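What follows is a single structure, written as structure tokens, with notes after it.
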Amino acid sequence: IRDRSPSRGLGDVYKRQALDLMRGIAIIMMIAFHFIYDLNTFGFTQIPLFTHWAGIAWRSLIVFLFLSAVGISLVFAHSREIQFQKFLRRLLYLGIAALLVSIGTYIMFPDGWVYFGILHLIWVSSLISLAFVNHPKTSLLIALLILIGFIFNQPNLSFLSNVFESNLPTGSVDFYPIFPWLSFVFIGIYLGHNPYYQKVLTFRSRWVETIGKHALIIYLTHQVVLFGAVSIVYFLIS
């Protein structure tokens, strides 16, 4: 999801281009990841996306790019002054998108529907992290504390599962709890003020940037296309 705020100079243009590249790369990797996931689902492949360290690291990298981009975007949009109207409008769009994901997956996967996926996480994380948008060092410290806490299984929020488990599926095709993933948004706030990512993403690719600018719509539609295409091939050859 891309926030647009008035440009502050050529330096900000380059930062935004690098941010769009980051989103675009994340989207491309996500499409590839979900394509393999769909192939596994229909038995075409047996690639261990969730049990082998490489698959786990790949998934974590994709999520890191998405969530850190959220933090960077918050800095771009609100570091001068919090634009509450823009922020609330963004929350509305995100909330609708997250609801569509929940409804769609409930129809397709009633035993594993998405009740707290990446969009739900972004929605909640945006509310939590907005107050820190001009505190990059504090944000980085919070991120480190969350990650350290995660290593020691803190905070332990398992009691929430006990409260809501009667209304939730036993599993979910897309689940991202607040901890530890919230830490990546706080890292993004730090990167918004210290754009080290710009030094890494020095190349230009207009089509990747375009993909990054339309990340939300691609996120909402790509799996419908992929899953539909793989399922059609499966039923044609079975």
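Per residue, the accessible area of the chain comes to 55 Å² when a 1.4 Å probe rolls over the protein heavy atoms. Using θ = phi - 60° in the Karplus curve 6.51 cos²θ - 1.76 cosθ + 1.60, the 3J(HN,Hα) couplings for region 36-50 round to 5, 4, 5, 4, 5, 4, 9, x, 6, 9, 9, 7, x, 5, 10 Hz; x is entered for Gly and Pro. Using θ = phi - 60° in the Karplus curve 6.51 cos²θ - 1.76 cosθ + 1.60, the 3J(HN,Hα) couplings for region 88-98 round to 5, 5, 5, 4, 4, 4, 4, x, 5, 4, 5 Hz; x is entered for Gly and Pro.
Using 0.36 nm per residue, how much length does the chain from THR41 to ILE128 gain when fully extended, once their Cα-Cα distance is taken away?
27.8 nm
So what's the angle, to the nearest 10 degrees on a 0 to 90 scale, between helix 118-129 and the longest Cα principal axis of the chain? So the helix axis and the longest Cα principal axis differ by about 30 degrees. Taking the alpha carbon gyration tensor of region 29-119, multiplying each eigenvalue by 5 and rooting it gives semi-axes of 31, 19, 8 Å, largest first.
Dividing the C-alpha radius of gyration of the chain by 2.2 N^0.38 Å, with N its residue count, gives 1.05. Once both labels are positioned 7 Å from their Cα atoms along Cα-to-Cβ, the gap between PHE175 and PHE152 label points is 2.5 nm.
On the accessible surface of region 81-238, probed at 1.4 Å, how many percent belong to carbon and sulfur atoms?
Heavy-atom surface of region 81-238 belonging to carbon and sulfur, 1.4 Å probe: 70 percent.
What is the angle, in °, between the Cα long axis of helix 53-78 and the longest principal axis of the Cα atoms in the chain? Nearest 10 is fine, range 0 to 90. Orientation of helix 53-78: about 40 degrees from the principal axis. Once the Cα atoms of helix 215-237 and of the chain are each reduced to a long axis, what angle between those two axes, in degrees from 0 to 90 to the nearest 10, is obtained? Between the helix axis and the principal axis of the chain, the angle is about 20 degrees. Packing, as the average of other Cβ atoms within 10 Å across residues, places the peptides 102-110, 74-82 in the order 74-82, 102-110, highest first. Placing R0 at 30 angstrom, the Cβ-Cβ distance between THR202 and ARG59 gives a FRET efficiency of 0.70 after rounding to 0.05. Among ALA143, PHE132, LEU191, which residue has its Cα furthest toward the positive end of the charge dipole of region 116-238, with +1 on Lys/Arg Cβ and -1 on Asp/Glu Cβ? So the residue we want is LEU191.
The packing ranking, built from the mean of other Cβ atoms within 10 Å per residue, places the peptides 225-237, 192-204, 54-66 in the order 54-66, 192-204, 225-237, highest first.
Residues in region 24-29 carry Karplus couplings, in order, of x, 4, 4, 5, 4, 5 Hz; the curve used is 6.51 cos²θ - 1.76 cosθ + 1.60 with θ = phi - 60°, and Gly or Pro positions show x.
The values are calculated or read from the model by the stated rules, or taken from the named source; none is laboratory data. Nothing here was measured: the structure is a model prediction, and the numbers come from that model. Reconstructed Cβ throughout: ideal geometry from the backbone, glycine too, with neighbour counts over all protein chains shown. The protein model used for the area step is the full one, side chains on, heavy atoms only, and it has no ligands, DNA or RNA in it. Shrake-Rupley method; radii C 1.70, N 1.55, O 1.52, S 1.80 Å.
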